[in-house]
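Worksheet: one structure, shown below.
The values are calculated or read from the model by the stated rules, or taken from the named source; none is laboratory data. Because the structure is a prediction, the values reported are computed rather than measured. As a convention, Cβ positions derive from the backbone with ideal geometry for all residues, glycine included, and neighbour counts pool all protein chains shown.
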Amino acid sequence: MPDELAEALLRYTNRQPGESPFMTAIDGLAILRSNHPKQPTHMISRPALCVVAQGAKWATFGGSRLVYRAGQALLIGVEAPSIGRVVEASPGEPCLVLAFELDLAIMRSVADELDAPPIASEEPSRGIFVTDFQGPLADCALRLVRLLDTPKAIPMLHPLILREICYWLLTGPHGDDVARLALANGPSQRVISAMHSLRSRFRETVRIEDLADVAQMSTSAFHRQFKALTSLTPLQYQKQLRLLEARRLMISCAANVETASFEVGYESPSQFSREYARMFGMSPKRDATALQTALREGHATANALATASQ
């Protein structure tokens, strides 16, 4: 099935003008094609399923690096800062990825209809992991791609395929983790609510105790659940949001280093520069200049400007 999916993605991308990523007629469905390995890209990853049909990628969340290749998928259940890279690709065998947004409301609806619906557990849930994408799941992915050839059928059949994907994920080997992400009143959803609060206030000084209150948890339980979901502590999460937004301001809005650092909540430009260099590998000014040059020359994509803004 991975070979059939790769062939379908090759046919689709060969017909498309422009460059990857290719947004499709199905809302939230994108196809990524890379003919060569790429440099690491920093971004905010949103809930999605990224299926590799050919080639290989890795993604880093906090201190956790996940490699996924043909026949596997990266499941991202929470919004989190990440670094991604294509590691296996060539003009003869490009890296081909089918990426589509995960709707946790649909997941929750399917979970509620299972004969044995999952029960809320206080166990920390992983929010990001690699799973095999074979058998019925691979068949669903192939049908999604083939559906692009019949646009009139998309509104009727696309929701059904998404529900089927949710079913196989919930009943598969990682079903417990998927279910805990979807449960409306479970600990994962409460932590995600606190995460949304942190995202909306990432420029401010935020107390962990206040976030724990939003999640209706003790501080220690909240910290443990947050780390399990994102591979980051709440403060690491906030810091990466700030630095990603500062990067966007310098590249897209031509903000200088001092202005960008104050805009995202830093009181010390020197501390900002140190932490920026630690995350991106060079000083803010050098990094912004290099990315602006790459954008002018067409060597960088919008992913380079991934931001922490709402």
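Assorted remarks:
- Count - residues of the range 62-75 that are in a strand (DSSP E or B) and either more than 13 Å from the chain's Cα centre (by Cα) or surrounded by fewer than 23 Cβ atoms within 10 Å (Cβ to Cβ) (or both): 7
- Scanning the range 129-148 for residues that are assigned to a helix (DSSP H, G or I) and acidic (Asp, Glu) yields a single hit, Asp139.
- Taking the range 1-58 as the range and being in a strand (DSSP E or B), of a type in the set (Gly, Ala, Ser) and out of contact with any helix residue (DSSP H, G or I) (no Cβ under 6 Å at 6 or more places or on another chain) as the test, the residues that pass are Ala30, Ser34, Ser45, Ala48, Ala56.
- Residue among Leu102, Leu32, Leu75, Leu98 that is modelled with pLDDT under 90, in contact with a strand residue (DSSP E or B) (Cβ under 7 Å, 6 or more places away or on another chain) and assigned by TED's automatic domain parsing to the domain that holds Ile154: Leu102
- Tallying residues that are among the charged types (D, E, K, R) and under 18 Å from the mean Cα position of the chain (by Cα) within the range 87-102 yields 1.
- Among residues of the range 22-63, those that are farther than 29 Å from Phe226 by Cα and hydroxyl-bearing (Ser, Thr, Tyr), counted: 2
- Filter result (among the hydrophobic types (A, V, I, L, M, F, W, C) and in contact with an Asp or Glu (Cβ under 7 Å, 6 or more places away or on another chain)) within the range 1-51: Met1, Ile44, Ala48
- Apart from one condition, Ala290 fits all of (1) at pLDDT below 90; (2) more than 23 Å from Gly84 (Cα to Cα); (3) small (Gly, Ala, Ser); the exception is (2).
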